[in-house]
Ligand code: NAP
């Protein structure tokens, strides 16, 4: 693989950033990588592990001579970081982000960037429930999608390079429009996370399902809910606050469906339940056939965890 960028700056050294750094290294996509994180303990971990070639003392310092700046902070912090780095960006640089919500990030970031800088928002559709600089691994993006949301009239050369970076990190790139992105993600990711948080909260509330029973009988569906509900609280708080409309729309639809299923159970409408579950099973089959998950009993996740 050939180098795509000479100097890359990564702001926010968590799961996604550290995975990007490992994946860039694996394929030799970046000359030097400079990192910065607001958290002192994360800066120290990154330093101890030699995660980046250089650690900066501030976001502004990190981006000074960078060809590519990747914003990998929680969605709610994107605007503040953009305001800090805006005046220090090199003319001709590309700025991207990896935020799970796009419209509000674009509105928060774009006004702070000078006109001689290209902003191409992005969102890798890959993650785990772990966070921080030691959670990352080079294979996270392999065979997964990365959505890019270039604005109208985006510099084709800058877009081509960012596409090459993500492809080199193992992902398949697709372009999407921001509002559509937010709706798609509300369906496939944001609402399911909220439902998992609720389900685990309900079980905890009942106090009739003990922790030991959860561990002992975790082959049942609840285990996957607990995994999702262990996701980073800051990241997910920001996702819901910033993708309010789409998430509320999907949750409204979800509630209607839940009521329909509730009624079918109460009235003993087995045909309705059978037809419903047959439809949903076909969706699962489609996901496996598209290579976006495996039908192994542990969903293949054990293999993808770092340090195992
Ligand atoms: P993470 O592991 O928690 O990493 C975020 C890092 O940014 C943390 O080290 C955090 O420090 C730091 N940070 C927070 N505010 C900052 C600021 N103002 N300046 C510099 N550093 C700051 O989170 P992640 O999972 O990598 O998520 C990062 C971004 O990727 C988010 O926007 C998220 O929506 C997106 N994303 C996540 C996933 C996923 O599944 N995790 C998937 C796709 C996209 P503290 O921990 O001390 O706050």
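If you average 1/r over all unlike Cα pairs in the chain and invert the result, what Kirkwood radius do you get in angstrom?
Roughly 20.8 Å, rounded to one decimal.
With the Cα gyration tensor of the stretch 180-267 in hand, convert its eigenvalues to equivalent ellipsoid semi-axes via √(5λ) and list them largest first in whole Å.
24, 19, 10
Compute the angle between helix 156-168 and the longest alpha-carbon principal axis of the chain, please, reported from 0 to 90 degrees and rounded to the nearest 10.
Long axis of 156-168 versus the principal axis of the chain: about 60 degrees.
Can you tell me the alpha carbon radius of gyration of the stretch 5-176 divided by the globular rule-of-thumb value 2.2 N^0.38 Å?
0.92
Sorted by mean Cβ packing within 10 Å, highest first, what order do the peptides 82-92, 271-281 take? List each step's numbers first, then the result.
Working: 82-92: 16.9, 271-281: 11.3.
Top to bottom by mean Cβ count within 10 Å: 82-92, 271-281.
So what's the convex hull volume per residue for the Cα atoms of the stretch 5-76, in Å³?
79
For the chain, give me the percentage of DSSP beta bridges that are antiparallel, rounded to the nearest 5 percent. Write out the running numbers ahead of the final one.
Working: 3 of 27 bridges.
So the antiparallel bridges amount to about 10 percent of the total.
Can you tell me the orientation of helix 270-289 relative to the chain, as the angle in degrees between its alpha-carbon axis and the longest Cα principal axis, to the nearest 10?
30
Test of understanding: in a Gaussian network model of the chain with alpha carbons linked when under 10 Å, which of 185, 146, 154 would top the mean-square fluctuation ranking?
Of 185, 146, 154, the Gaussian network model singles out 154 as fluctuating most.
So for the chain, averaging the separation of alpha carbon pairs under 8 Å that are six or more residues apart and normalising by length, what relative contact order in percent results?
Once normalised by length, the contact order is 16 percent.
Which of 15, 149, 183 comes first, and how do the rest follow, when ranked by fewest Cβ neighbours within 10 Å?
Taking fewest neighbouring Cβ atoms as first place, the list is 183, 149, 15.
What residue among 291, 28, 268 has the largest mean-square fluctuation in a Gaussian network model of the chain, using Cα springs under 10 Å?
268
Against the longest principal axis of the chain, how steep is helix 233-242, in degrees 0 to 90 to the nearest 10, with axes from Cα atoms?
90
All of the numbers you see were taken from the coordinates with simple rules; none came from a lab. Given the structure is predicted, the values throughout are model-derived calculations rather than measurements. Please note: Cβ atoms are built from the backbone with ideal geometry, for glycine as well, and neighbour counts cover all protein chains shown.
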